[in-house]
Amino acid sequence: MRVSGQASRCAGTRLRFTRTAVAFTGVAVAWCLWSASALQAQQWRMRISSRVQYVEGQSLQRDSVPISDVRVTNDGRFKADNIFVTCPTGSEYCYYYGSGPTLKTYPSVLDADLNVFGFGVEGLRFYANTRFQTAFGADENFWPVEPEVAVLNAYAELNRRQYRFRLGRDYTVNGLGFFGYDGGSALVRFNPWWTQVELYGGRALARGIPVPINSSIFDPLGDLKPSDNGWLIGLRASARPSTSSSLQVVYQRQYTGQSDYIATERIGFEGSWYVIPAVSLLGHADYDLAYGDWGKAGLRAGWQINPMFYAEGGYLRYRPVFSLQEIWYAFSPVAYNGWNLSTAIRPLPNLSFKLWLERRQYEETDAEVAFFTTTDRDYRFGIRGTWVLNEMWSFDGGYWRNHGFGAALNSGDLRVAMKPHDQLTLGGRFSAWQQLEEFRLNQGRVWGLGLDLRWRTRQGTVWFSVDRYDHDNRGDQAIQDWSQWRSAVGFSYYLGSEPGRTP
Amino acid sequence: MRHRATFSATLAALLVAATVQLGLAQTGQMPKPENHQTAEFLSAHGGQAQSNIQMCSVCHAREYCSGCHVNAQDVPEIQALNSDPAVADYVAGLTFPAPPSHTLFFLDDHRALAASATGSCAVCHVVEQQCQVCHLGAETLERPRAASQRRDVDLYHPFNFMQNHATAAFNQETECASCHNPQAFCLECHSGLGRASRDLRTNTGYHNRNGGFEFGHGQAARQGLESCQACHAQQYCLQCHSAKLGRRINPHGPGFDAQKLQNKNPAFCGLCHFGDPLNPGG
């Protein structure tokens with residue numbers, strides 16, 4: 001008995017994507033033409049970057065069998081073909097997830113950013129960065145493409161030695177994370193200590209996506225979707241007491257649409273100190289004033305013992321941050337604390353190795369029960385080596401393990417790159433991994449083999465890659481089959497003033 | 001005496017001719033001034049240039065500086081130098097040492113320095129382009145090139161990350177939500193692939209490693225609440241954990257400070273409770 005199928009495709013959706021595709025191309029061409037013609041009087045620089053991928057997604061399907069067809073063993077309950085099933089108490093049916101059809105789509109992204117300067121006013125410029133994204137193909141619905149047109153930045157800037165003003169859509173990346181807003185910022189620079197003080201704020205954008213929090217994208221939240229857009233305000237101060245040390249403090253508050261109702265309120269600290277050029281201390285911490293607990297924190301000490309050896313170790317803490325417009329804080333999330341050790345060894349100038357080890361322990365949850373317990377300790381370790389044989393050949397390989405409380409990964413890869421020409425790179429890669437996901441049974445091993453090509457000039461880059469993955473030793477056929485093809489082709493192109501100044 | 005004068009004149013003429021014909025590559029092999037050879041020169045030369053850019057102009061054209069200083073247009077001292085387009089090609093073939101801070105782990109460690117010393121980063125990195133490759137979702141797969149090493153830099157997410165990101169995300173290796181909105185990004189894809197809850201059914205057997213997951217998931221949820229959102233919308237959890245409806249199972253842990261949260265946002269309690277749970281009679 002089928003109880004769930006794949007998402008249905010409808011004509012309306014197809015029409016939407018057709019429209020998007022036309023808009024995708026049209027806007028890009030229009031922007032190029034406009035840029036080229038209207039901006040001749042100024043200096044400008046533009047980057048267009050695009051990619052089209054081919055992605056196969058291995059779907060899961062929920063299915064059920066009558067409980068009378070299920071046999072009970074010491075290892076659990078199984079249906080006739082040895083597929084593990086779950087039988088809810090009192091239900092006449094047992095349920096399981098099996099591998100569903102392979103979904104295929106062509107996700108496409110076009111990024112265009114434009115920098116216009118040289119207006120005869122020192123430090124004045126306009127900057128905009130826009131992203132268009134869509135997906136093509138029979139199964140395009142499964143790929144996230146919202147918003148199909150997104151303005152990531154669009155601001156006017158006046159930047160001089162002592163100050164900087166911005167007006168428009170911008171984002172801040174600071175010790176508290178990555179936050180977008182429609183508004184402005186004022187930054188003042190002064191001595192002593194190369195001090196900077198910045199005030200920023202405006203209409204808040206949702207976290208991790210450049211749309212307002214009451215955008216239709218969040219309609220699936222139903223009654224829990226915020227009805228009003230919120231406000232973001234932040235104050236950041238940083239200083240460099242010496243060339244070897246730096247400090248930053250940032251305070252940020254986000255209001256809901258209703259005045260005085262706080263969504264988030266946090267303060268963060270960052271600091272670095274190079275005791276001597278070879279010895280460093282880096283630290284950060286943030287405190288959630290709304291929830292009343294520390295969030296992320298870390299302290300890391302590094303020592304370049306000699307040109308061959310570098311070692312570092314540190315403490316870390318992580319507790320996720322949520323908004324008071326969501327329910328999540330009601331569940332009392334706990335933090336983990338941990339330590340890590342890392343070392344880099346460079347026995348030869350063209351040969352290097354990195355090794356790392358990390359241990360984490362979660363704080364007490366007070367939610368353990370006798371019939372279901374999981375570990376509260378994680379660990380991870382890995383090694384990676386890079387060998388640049390000569391101008392033409394380089395090799396890179398690594399192995400790492402990650403054991404967590406609900407998921408684990410055992411993985412390795414080996415890559416070789418050949419550079420027959422200064423502008424051309426050809427690469428091959430081989431990988432293998434085993435993975436346990438989200439408290440699910442899993443089995444087998446995925447093997448991957450891929451090729452890539454990159455042609456890079458001072459004006460831009462063209463690249464292509466294709467990968468094949470095969471999942472073998474799937475003892476239980478209900479285990480999701482990861483066998484698939486993936487491919488991508490893309491380009492970046494710089495034009496305008498000083499097009500050779502690529503990143 | 002006459003021969004000596006002729007010899008001297010010839011030698012001088014040859015030296016002048018050699019100097020005039022000196023190629024750029026040979027110029028690069030001229031001995032460096034003493035102060036260029038200290039370990040601190042790379043990080044400290046800005047102050048020296050600001051105090052006496054004329055001294056720099058003896059050997060350096062503007063294009064030499066802009067080989068590293070991607071913000072050259074914003075630095076008046078560099079703009080004050082003479083331009084020599086031929087130098088751009090010469091500089092393109094040079095490699096410059098990375099600062100001592102840029103160890104092999106710098107990609108993981110850079111937040112404190114980047115947050116408090118953005119001015120220094122902008123010397124070599126075009127913030128809007130190079131930083132956004134990672135900090136705006138890594139949608140464009142163009143790899144930034146390390147100016148100092150002439151090689152492509154690995155992206156934030158390592159090779160094959162999309163295929164095996166589950167472990168990193170579930171174990172909160174980093175804060176995914178900072179760049180990826182769980183509702184719009186994670187849940188959308190997981191739902192389309194049949195991995196996320198598309199209806200409000202519970203105990204469907206997805207978390208099948210232990211049959212007791214449905215009633216014993218509390219510890220896992222408090223440890224990994226952030227990753228639960230990648231598949232479960234808020235309504236899903238409220239079926240059992242709301243005081244308004246359903247099983248009304250209290251999800252609050254020890255030390256849950258409802259009063260503090262209500263003070264910050266009086267609407268917070270209303271997400272799950274009718275009325276004011278801290279003042280039921282009020």
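Any read-out appearing in this document is the output of simple, stated calculations on the displayed coordinates, not a laboratory observation. Not measured: the values here are computed from a predicted model. Backbone-built Cβ (ideal geometry, glycine too); neighbour counts: all protein chains shown.
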Neighbouring partner chain Cβ atoms per residue of A:317-329, average, 10 Å criterion:
6
Distance between Cα centroids, the range B:157-228 to the range A:64-107: provide it in whole Å.
20
With DSSP loop assignment and no more than 13 other C-beta atoms within 10 Å, the chymotrypsin sites (Phe, Trp or Tyr not before Pro) in the range B:200-282 are B:F274
Measure off 7 Å from each Cα along the Cα-to-Cβ vector at B:R209 and B:A80, then give the distance between these two points in nanometres to one decimal.
6.4
Check cross-link reach from A:K419 to the lysines: straight Cα distance under 22 Å, and skip same-chain residues fewer than eight apart.
none
All aspartates and glutamates inside 15 Å of A:K296 as judged from Cα atoms, apart from same-chain residues fewer than 8 positions distant
A:E265, A:E270, A:D286, A:D288, A:E363, B:D108, B:D109, B:E173, B:E175, B:E226
Roughly how many Å is it from the Cα centre of the range A:261-321 to that of the range A:117-174, as a whole number?
29
At what distance in angstrom do the alpha carbon centres of the range A:188-236 and the range B:72-113 lie from each other?
32
List A:E363, A:E140, A:E358 from most exposed to least, where exposure is judged by having the fewest other Cβ atoms within 10 Å.
A:E363, A:E358, A:E140
Along the Cα→Cβ direction, 7 angstrom out, place labels at A:V151 and A:E92. What is the inter-label distance in nm?
5.8
Hey, got the average number of other protein chain Cβ atoms within 10 angstrom for residues in A:299-308?
1
With n ≥ 4 as the cut-off for DSSP H runs, can you work out [θ] at 222 nm for chain A, using -39500 (n - 2.57) per run divided by the number of residues, rounded to the nearest 500?
-2000 deg cm²/dmol
Roughly how crowded by other chains is peptide A:357-367, in terms of the mean Cβ count from those chains within 10 Å of each of its Cβ atoms?
4
Hey, what did the range A:87-234 get for relative contact order, percent, Cα under 8 Å, at least 6 apart?
14
Does anyone have the angle between helix A:11-38 and the longest principal axis of chain A? Alpha-carbon axes, 0 to 90°, nearest 10?
20
State whether the range A:310-466 is rounded, prolate or oblate according to the following rule on the C-alpha gyration tensor (a ≥ b ≥ c being the square roots of its eigenvalues): a/c under 1.5 gives rounded; otherwise a/b larger than b/c gives prolate, and the remaining case gives oblate.
prolate
With an 8 Å Cα cut-off and a minimum separation of 6 or more residues, compute the relative contact order for chain A in percent.
10
Does chain A come out rounded, prolate or oblate, given a ≥ b ≥ c as the square roots of the eigenvalues of its C-alpha gyration tensor, rounded meaning a/c under 1.5 and, failing that, prolate meaning a/b above b/c?
rounded
Report the extension gain between A:N350 and A:R468 in nm, rounded to one decimal, defined as 0.36 nm multiplied by the number of residues separating them, less their alpha carbon distance.
39.4 nm
